[in-house]
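Heads up, the thing below is written out as structure tokens.
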Amino acid sequence: MTTGILSIDQGTTSTRAIVFNKQGQPLFSAQQEFTQIYPNNGWVEHDPEEIWSTTLSVCHEVLDKAQSAGVKVVGIGITNQRETTLVWDKVTGKPLYNAIVWQDRRTASICAQMHEKSEEITAKTGLLLDPYFSATKIAWILDHVEGARAKAEKGEVAFGTIDTFLIWRLTKGQSHVTDTTNASRTNVFNIYDMQWDDELCEWFNVPRSVLPEVLDCAADFGVTAAGVLPLELPIAGVAGDQQAALVGQCGFDKGALKSTYGTGCFALLNTGTKPLASRSRLLTTVGFTLNGQTHYALEGSIFTAGANVQWLRDGIQVIDTARASQPLAESLDYDHGVVLVPAFAGLGAPHWKPNARAAIYGMTRDTSNAHFARAALEAVCYQTHDLLVAMQQDGVAVSSVLVDGGMVANNWLCQFLADMVQVDIQRPTNMESTALGAAFLAGLQLGIYADVEEVAQLKAIGSVFTPTIDTDIRSACLQRWEAALKSTLMFHEC
Ligand code: ADP
């Protein structure tokens, strides 16, 4: 009988369940989108009950399919949108408020008030003082829902990121737990001693009693309670989405860089077993913890990647499909002269200019949709180049880039990326790295895999793109980009 692992991938726009076999191949999958709630300018919420109902629904669907096909599912791995914050009543299990999503900026003023603590916060957490992370979101809920803080002080309230909430519900309140990767995104977790930090809790006004127990990524997170799913299954692996993708890409060794090109781009570089404080404004975060040993990562985020292509398609409508960007880009030479700085939602790492705005340079009367497509794809590669430079400045050499996400279906993009970053680009056969990572973690805990070496043998590289560009042409491209970037930052300052 085939053995299967159920991976739950609770993302920002949809919830998915995939059953993988021991070889890491997806056997059955189901996906459901859910509502994005925008109650105010800059606010983003999810309905916790919808997160829960879509989770149950996709899990039931794939478990039924597995059962019909004679696949024996033996455990669960969970991966989730990170930082998104939930607070619920420990007795009734009812959320006190909607989930406040990572993108939500409502707590910007709380961060501004705490400004003098920002360096100390970075020194303990590896993060920045920013509304993005969970801590200010927890405090906001406790201070804006009537009676919430008093209840929390009495120990009657639980906080969790989405993984913790799902585990609480799946185990009917038996487990209030998270893993180190999710804990490391809250701003109240000290990544140096790998514990919740009393001082941070005090600064952010987060009662220690609301926080879950923190476990390794492969651990005993509890067993699903009777009747919740068709089977009672151990929850054995948990990691936040970007970290799960690092594991799914088998980025277990120092120097491995995973870069996901979806709507935005998130690059995680495995820096080994010691946290590396960034001098280049990258985040220092937990990569994964296995058998009590943590691998740390440097993280760089580019706010828009595939979203640039969406803008070409749906915004200014110069292409019909995302795929059409490839032949258009291929139709031009390197010296076409147009540069797009895609700061549609500001600039992320290493600039951190949330209020910068996009610009396009070098247009003539000949400028066509091909230039727009080419410039949109090139920009993502230039931004990745800048992240790698920042990582190298922090002292870690990148050996290769493991890519995934919808955008890397574009071969031209992958080749130009290799040309800009000057290391091999490896694209896996299975693009579901995030869900696969959660399955690998569960498989390690359940003894399906003896160790990470066994998991690493399953790494299936579909294509490798090797740098081939002429050095002078590359320098000219990067110079044009740098000039355009500088001009955009200058415009932002005026
Ligand atoms: P997410 O998980 O963030 O929803 P996906 O990983 O599914 O994103 O990737 C979708 C993104 O990839 C879209 O923004 C789309 O514009 C882009 N994309 C998809 N196919 C291509 C392609 N062939 N070339 C360039 N961009 C593409």
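A few comments on the model shown:
- Square roots of five times the Cα gyration tensor eigenvalues for the range 186-295, Å: 25, 22, 14
- Whole-number percent relative contact order across the chain, with pairs defined as alpha carbons under 8 Å at least 6 apart: 14
- Contour excess over end-to-end distance, with Cα ends at Gln293 and Lys154 and 0.36 nm allotted per residue: 46.6 nm
- In terms of other Cβ atoms within 10 Å, Lys72, Lys90 run from fewest to most in the order Lys72, Lys90.
- Principal semi-axes of the equivalent ellipsoid, √(5λ) from the alpha carbon gyration tensor of the range 1-103, are 30, 14, 11 Å from largest down.
- With contributions of -39500 (n - 2.57) from each DSSP H run of at least four residues, the per-residue ellipticity at 222 nm computed over the chain stands at -10000 deg cm²/dmol.
- Zone of Thr321's modelled label, taken as backbone nitrogen in the range 364-394 under 14 Å from a point 7 Å along Cα→Cβ: none
- Integer Hz, Karplus 6.51/-1.76/1.60 couplings in order for the range 317-328, x for Gly and Pro: 6, 9, 10, 8, 9, 4, 4, 5, 5, 5, x, 5
- On the beta carbon distance between Trp352 and Asn40, with R0 = 30 Å, the FRET formula returns roughly 0.80.
- A cut-off of 5 Å between modelled amide H atoms, ignoring neighbours fewer than 5 places along the same chain, links Lys90 with Val157, Ala158.
- Shown in residue order for the range 277-286 are the 3J(HN,Hα) couplings computed by the Karplus curve 6.51 cos²θ - 1.76 cosθ + 1.60 at θ = phi - 60°: 6, 7, 9, 10, 6, 8, 8, 9, 8, 7 Hz (x for Gly and Pro).
- Three-way shape label, the range 190-233, alpha-carbon gyration tensor, a/c 1.5: oblate
- Charge dipole magnitude, Cβ of K and R +1, D and E -1 - the range 173-331, Cα centre, debye nearest 20: 540
- Amide hydrogen neighbours beyond the local backbone of Phe288, cut-off 5 Å, H modeled: His295
- Amide proton proximity set for Tyr449, modelled H, under 5 Å, gap of 5+: Leu444
- Spatially close Lys pairs in the range 3-240, defined by Cα atoms under 14 Å apart and a spacing of eight or more places or different chains, total 6.
- Radius of gyration, Dmax [the chain; alpha carbons; angstrom]: 22.2, 68
- Computed label-point distance, nm, for sites Ile461 and Lys274 using a 7 Å Cα→Cβ extension: 2.9
- 14 Å Cα-Cα reach of Lys486 towards aspartates and glutamates, excluding residues that sit fewer than 8 places from it in its own chain: Asp386
- For the range 349-494, the fraction of alpha-carbon pairs in successive 10 Å shells from zero, as %: 9, 30, 32, 18, 8, 2, 0
- Anisotropy class of the range 366-438 from Cα gyration tensor, a/c 1.5 cut: oblate
- What the phi angles of the range 171-179 give under the Karplus curve with 6.51, -1.76 and 1.60, with θ = phi - 60°, is a coupling list of 9, 6, x, 6, 10, 10, 9, 9, 10 Hz, glycine and proline written as x.
- Gyration tensor (alpha-carbon) shape descriptor, the range 249-303, a/c threshold 1.5: oblate
- The order of Glu199, Glu299, Glu156, going from fewest to most other C-beta atoms within 10 Å of their C-beta, is Glu199, Glu156, Glu299.
- Residue exposure sequence - His144, His115 - by fewest surrounding Cβ within 10 Å: His115, His144
- Rh (Kirkwood; distinct C-alpha pairs) - the range 342-392, Å: 12.2
- log10 of Debye I(q)/I(0), alpha-carbon scatterers only, for the range 3-240 at 0.15 Å⁻¹: -0.98
- Sparse-neighbour loop sites [trypsin sites (Lys or Arg not before Pro); the range 128-222; at most 14 other C-beta within 10 Å; DSSP]: Lys154, Lys172
- Proximal lysines to Lys254, defined as alpha-carbon separation beneath 20 angstrom and excluding residues fewer than eight positions away on the same chain: Lys274, Lys459
Every read-out reported here was derived from the displayed coordinates using simple, explicitly stated rules and does not represent laboratory data. What you see is a predicted model; the values in this text were computed from it and never measured. A quick note on method: Cβ atoms are made from the backbone with ideal geometry, for glycine too, and the neighbour counts reach across all protein chains shown.
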